[in-house]
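The values are calculated or read from the model by the stated rules, or taken from the named source; none is laboratory data. In this text, all values refer to a predicted model and were calculated from it rather than measured experimentally. Don't worry about glycine lacking a Cβ; one is built from the backbone with ideal geometry, like all the others, and counts go over all protein chains shown.
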Amino acid sequence: MNTEMKNRVPHIIFLYWVIKIASTTLGETGADMFSMTFNLGYASTILIFMGLFLVFLTGKLYLQGYHPIAYWLTFTASAIAGTAISDFIDRTLKLGYTRGSLFLIIALLISLALWYWKDKSINVEYIPSRSSEFFYWIAFLIANTLGTAAGDFLADDLGLGFLHSAIVITGLLILIAGLHFFTKISGTLLFWLAFVLTRPFGATFGDVLTKPVAKGGLNFGTIGSSIVFCIILVFAIAKETELEKQRQSA
């Protein structure tokens, strides 16, 4: 097989969603840890993690095929950068969660349209070329940013609080899973719906862990919560690496 045509992204199985949710939750707690706990501010946090995202993305694009560690390092950097960008849009630019979410929805649709215009597909399970993977990661970065804004919109603007927002999003994700298994609705459409929703799920879950009890959280703090999810990611990615080696040997 031509190495350029090897699939460059993971299979969408249950483990993918476990790692994705853990990574997006770390994105919430990690961004808050750097921007607020360490007092770096949103702009500095964005610069740091956008820089890391670009470095990891460059390395990922250079590699042939799918490499779990390179992939999830890139993804986690995009998750942390996305959280900081969302907070910057809301709190520094003063756009608010509603306008910020609408702006990001439009940006995501444009990125997906450009990707589809180029490849005539936005299938996330088979990405054979570097150019297609570039569009893939741009869409992921925007979707991660959108998820944070949407989660904060539910929790703050609609007044649901972090815990109730997580419950609502969990119900929607269960519905999407049911549609996937019991209907013929496009799997690609359902993936993007689930991808966007798992981001606010991770964000609201992160807020439940880190925010004070008075605001509906458990007050575990950003540092402790980030360490817990780093450990979860290490073990989950190790399992994904083992499974990928088995796929390649088969």
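From the list Thr58, Thr98, Thr24, the lone residue that is in contact (Cβ under 8 Å) with a residue 12 or more places away in the chain, of a type in the set (Ser, Thr, Tyr) and within 25 Å of Ala236 (Cβ to Cβ) is Thr24.
Considering only residues in the stretch 88-145 that are of a type in the set (A, V, I, L, M) and not in a helix (DSSP H, G or I), the one that is surrounded by the fewest Cβ atoms within 10 Å (Cβ to Cβ) turns out to be Leu93. Residues in the stretch 68-87 that are surrounded by 16 or more Cβ atoms within 10 Å (Cβ to Cβ) and of a type outside the set (Gly, Ala, Ser): Pro68, Tyr71, Trp72, Leu73, Thr74, Phe75, Thr76, Ile80, Thr83, Ile85, Asp87.
Of the residues making up the stretch 38-48, at least one is in contact with a helix residue (DSSP H, G or I) (Cβ under 9 Å, 6 or more places away or on another chain), closer than 30 Å to Glu244 by Cβ, modelled with pLDDT of 85 or more and not acidic (Asp, Glu). Give the residue that is nearest to the chain's Cα centre (by Cα), with candidates limited to residues of the stretch 122-142 that are among the polar types (S, T, N, Q) and farther than 18 Å from Ala194 by Cβ. Among residues in the stretch 122-142 that are among the polar types (S, T, N, Q) and farther than 18 Å from Ala194 by Cβ, the one nearest to the chain's Cα centre (by Cα) is Ser132. Taking the criterion of being within 25 Å of Thr25 (Cβ to Cβ) and without any contact (Cβ under 8 Å) to a residue 60 or more places away in the chain, the residues of the stretch 182-195 that qualify are Gly187, Leu189, Leu190, Leu193.
Here Ile169 meets the list (1) closer than 20 Å to Leu57 by Cα; (2) within 18 Å of the chain's Cα centre (by Cα); (3) part of a helix (DSSP H, G or I) almost entirely, failing just condition (1).
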